[in-house]
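Peer 1: Here's a structure for you.
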Amino acid sequence: MDTENLKAIIIGLNLDNEQFEYSMTELAALAEANNLDVVDRLVQKLDHPDRATYFGKGKVEELRLSVLDHDADMVIVNDELSPSQIRNLEKAVETKIIDRTGLILEIFANRARTHEAKLQVQLAKLQYQLPRLHTSASQRLDQQTGSGGGGFTSRGSGESKIELNRRVIEKDIAHIKQELKDIQKSDLTQRKQRDSKSIPTVALVGYTNAGKSTIMNRLVNRYGENNEKQVMVKNMLFATLDTSVRKLIFEDNKTMLLSDTVGFVSKLPHQLVQAFRSTLAEAANADLLVQVVDESDENKELMMKTTEQTLKEIGVENIPMITVFNKADILDEPRPQRAGDNLVIAALEEDSIDELVNVIKENSYNDYVINEFLIPFNKGEIVNYLNTNANVISTEYVADGTQIQAELTAVDSDRFKDFIVTNE
Ligand SMILES: Nc1nc2c(ncn2[C@@H]2O[C@H](COP(=O)(O)OP(=O)(O)OP(=O)(O)O)[C@@H](O)[C@H]2O)c(=O)[nH]1
Ligand SMILES: [Mg+2]
């Protein structure tokens, strides 16, 4: 859908919810993320949504007038509405109505670049449509029977048409699911291979626009293996839809896999969360999570809560997590600043990245040990291996071979245990 320059009115129902104001601000940002111009903003306070039109009669009329006044192309409602509510509102206001879920699905659809992301979004959209198709069918039938009109012929044909659509969608869903499964199978193989190499995996997670991709790029810039590709950074919601994994090699030869993940937002449609489960599996399999928070955003507490809830929803639990409060430059807070394993930083500043690397490394290499080896001269390949894969602290040539003190993984230590010098 080309949404350039289309005008939208946002409207929300305040059911005495303390997060209401924030969710309206975010809705406007979501609309802008989809290139819509927000021309008006209406709110209503009620105890319960109206069953038929979600908003009360007076508010619906106000909305209709505002649409005329601003010549708006659509109305975006801050919650997920029932299909009949959308239909009734459309009739009353005489313009296109989109709910929050529909809007987020639309943004994801426009942003998806890779084949996998496209399939995931398509799956979420179909799953969103399916119950709607069903309900609208039965409701239309109810109306027909209720009014006494219609009769058997129209009822029958209506029903079979809906039934047909439903079957087409169900078939598409099954097809996409299978295709995703195939893709994920190869992902899983890759992940298994990585696991076997016992390289620690660190995942950047957090609310959209917090600075995850910026941090990823700063680290890849410094430590990326042979100029690994940068990821996209943009000041917009959901800039990243795909998980990308990059290998980092530090000065001491310690390696790490760093993954950047899709950002979260409040009321992320559950169809999307489900569809993106596999993308987010990188986070689920991480040894360490780095939660990135926009320190300069006044709603950061809420954003952290949402992030933690969403992680739970996709089954990411019991993984150690450090929290990084980013964008401290905006508030001009002292940085880098450390409290335990949590950090206040500005991703674009070198000393912030230094400190971040320290904290990440301290939390990632717990199974490293320091050993003293004596490698016979005819085993030069082991010396080479240690020089490229371990943190060599000292090297000395003695009568029986090369004496090396090195910090290395427990796996490597075990591998070369025959050459360990025991100090007895
Ligand atoms: N002032 C300031 N801006 C920052 C900092 N870190 C990131 N940004 C900006 O914040 C915006 C969002 O950054 P991204 O790295 O794309 O954010 P993200 O978390 O990857 O966002 P999604 O991919 O949407 O989840 C960009 O315009 C960055 O340039 C920072 O430390 N200070
Ligand atoms: Mg990003």
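The values are calculated or read from the model by the stated rules, or taken from the named source; none is laboratory data. Since we're looking at a predicted model, the values are computed, not measured. Virtual Cβ from ideal backbone geometry, glycine too; neighbours counted across all protein chains shown. Heads up: the accessible areas ignore ligands, DNA and RNA and are worked out on the full protein's heavy atoms, side chains in. Shrake-Rupley method; radii C 1.70, N 1.55, O 1.52, S 1.80 Å.
Peer 1: Test of understanding: given the chain, find the longest segment containing no trypsin sites (Lys or Arg not before Pro) that are in a DSSP loop and have at most 14 other Cβ atoms within 10 Å. Mind showing how you got there, number by number?
Peer 2: On the way: sites that count: Arg51, Arg113, Lys197, Lys229, Lys234.
Here the longest segment lacking exposed loop sites spans 235-424.
Peer 1: Please report the Cα spread of region 271-424 along all three principal axes, rounded to whole Å, starting with the longest.
Peer 2: For region 271-424, the Cα extents along the three principal axes come out at 66, 39, 26 Å.
Peer 1: When the chain is fully extended, how far beyond the present Cα-Cα distance does Asn366 get from Glu381, taking 0.36 nm per residue of separation? Could you put the intermediate results ahead of the total?
Peer 2: Details: separation 15, 0.36 × 15 = 5.40 nm, distance 2.64 nm.
Working it through step by step, the gained length comes to 2.8 nm.
Peer 1: Figure the gain on full extension for Asn253 and Asn17 (residue separation times 0.36 nm, minus the Cα-Cα span) and round it to one decimal in nm. Spell out each step's value before the answer.
Peer 2: Values: separation 236, 0.36 × 236 = 84.96 nm, distance 5.13 nm.
Result for the pair: 79.8 nm of gain on full extension.
Peer 1: Can you give the accessible area of Asp351, probe radius 1.4 Å, in Å² rounded to 10?
Peer 2: Rounded to the nearest 10, the figure is 80 Å².
Peer 1: While we're here: Work from the charge dipole of region 315-411 (Cβ charges, +1 for Lys and Arg, -1 for Asp and Glu, about the Cα centre) and give the residue of Asn391, Ala328, Leu356 farthest towards its positive end.
Peer 2: Asn391
Peer 1: Express the carbon and sulfur contribution to the solvent-accessible surface of region 368-419 as a percent, rounded to the nearest whole number, probe 1.4 angstrom.
Peer 2: Details: 1390 of 2940 Å².
Roughly 47 percent, rounded to a whole number.
Peer 1: State the percent of C-alpha pairs, over all pairs in region 368-419, separated by a distance greater than 16 angstrom.
Peer 2: Details: 368 of 1326 pairs.
Result for the distance tail: 28 percent.
Peer 1: Write down the accessible area per residue of the chain in Å², having rolled a 1.4 Å probe over the full set of protein chains.
Peer 2: Numbers: 21480 Å² over 424 residues.
I get 51 Å² per residue for this part.
Peer 1: For region 199-362, with equal point scatterers placed on the C-alpha atoms only and solvent neglected, what are the log10 I(q)/I(0) values from the Debye formula at q = 0.13, 0.17, 0.21 1/Å, to two decimals?
Peer 2: The calculated log intensity ratios at q = 0.13, 0.17, 0.21 Å⁻¹ are -0.56, -0.99, -1.57.
Peer 1: Over the chain, what lengths in whole Å, largest first, do the semi-axes of the equivalent ellipsoid take, defined as the square roots of 5 times the eigenvalues of the alpha-carbon gyration tensor?
Peer 2: Details: eigenvalues 583, 130, 48 Å².
They are 54, 26, 16 Å, listed largest first.
Peer 1: What size of dipole, in debye to the nearest 20, comes out for the chain about its Cα centre when the only charges are +1 on Lys and Arg C-beta atoms and -1 on Asp and Glu C-beta atoms? Before the final figure, lay out each step's value.
Peer 2: On the way: 49 positive and 68 negative charges, 437 e Å.
The calculation lands at about 2100 debye.
Peer 1: Which GluC sites (Glu not before Pro) in region 257-361 sit in a loop by DSSP (not H, G, I, E or B) and have at most 16 other Cβ atoms within 10 Å of their own Cβ?
Peer 2: Details: sites: Glu282, Glu295, Glu298, Glu301, Glu308, Glu313, Glu317, Glu349, Glu350, Glu355; in loops: Glu295, Glu298, Glu317, Glu349.
Hits after loop and neighbour filter: Glu298, Glu317, Glu349.
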